[in-house]
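One structure, as structure tokens, below. Some questions next.
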């Protein structure tokens, strides 16, 4: 079981041709940085590809961390020039490999990812940035509740809050994060709490548990 993530750049037409080239470089660089930040996600760097226009796709071999990977990928991009934002359709499932070419792949994970991505075309998903399909209707209903609530929180984060979340994850204490941010540790705590990060983190943790249950049913 793997996760396939299909994404597109939000409001990509706002970028000039020159800036689009820079955006493509940024999404590739940020993907590699997120892979290093979350090595346990087992991101397949060779799978990363810009599939058409403003769409790109990649594979994570540890599906339980797929949502967390997407969130930190967006945070890292927010700290870059041009600050590109993207929507992500996460598909959980199996993969079938054509032995003739290493990366000519197919399987339920790819179909689920594409179906999750296509939901963004529906009116009720117009303001959403995360969609998830695993192929299990009961689990998918729970994933949708988590994603809907967390999307609401995430889209209200300021750049300073995203920066604080990034460094609080990178370091062990508020004091260490404050040194990276060059602000008082009390202010780091305020930013994190105002961003509702600990509540958001509960959703990520529950997602992880649900995926683990699907992968290892009792």
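Each reported figure results from applying straightforward, stated rules to the coordinates on display, with no laboratory input. These numbers come from a predicted model, not from an experiment. Cβ sites come from the backbone with ideal geometry, for glycine too, and all protein chains shown count toward neighbours.
Which residue fluctuates the most in the chain, going by a Gaussian network model with Cα springs under 10 Å, if the choices are 116, 141, 164?
Comparing 116, 141, 164 in a Gaussian network model of the chain, the most mobile one is 141.
Another question, if that's okay. Can you tell me the relative contact order of segment 2-135? Whole percent, Cα pairs under 8 Å, sequence separation 6 or more. Before the final figure, lay out each step's value.
On the way: 236 pairs, mean separation 38.9, N = 134.
Reported relative contact order: 29 percent.
How far is helix 159-170 tilted, in degrees, relative to the longest principal axis of the Cα atoms in the chain, given as a value from 0 to 90 rounded to the nearest 10?
Its long axis makes an angle of about 80 degrees.
Neighbouring Cβ atoms within 10 Å as the yardstick, rank 40, 144, 154 fewest first.
So the residues, fewest neighbours to most, are 40, 144, 154.
Nearest 10 degrees is fine. How inclined is helix 66-78 to the longest principal axis of the chain, computing both from alpha carbons?
Once rounded, one gets 50 degrees.
Continuing with this model, one more query. Could you work out how far helix 197-215 tilts from the main Cα principal axis of the chain, as a 0 to 90 degree angle to the nearest 10?
20 degrees
Right, something else. Order these by the 10 Å Cβ neighbour count, fewest first: 108, 12, 131.
Details: 108 19, 12 16, 131 26.
Fewest-to-most Cβ neighbours within 10 Å comes out as 12, 108, 131.
For segment 2-135, how big is the tail of P(r) above 26 Å, as a whole percent of Cα pairs?
Values: 1588 of 8911 pairs.
In whole percent, the long-distance tail amounts to 18.
On to the next question. Give the distance, in whole Å, between the Cα centre of segment 135-198 and the Cα centre of segment 1-61.
Taking the Cα centre of segment 1-61 as reference, the centre of segment 135-198 is 21 Å away.
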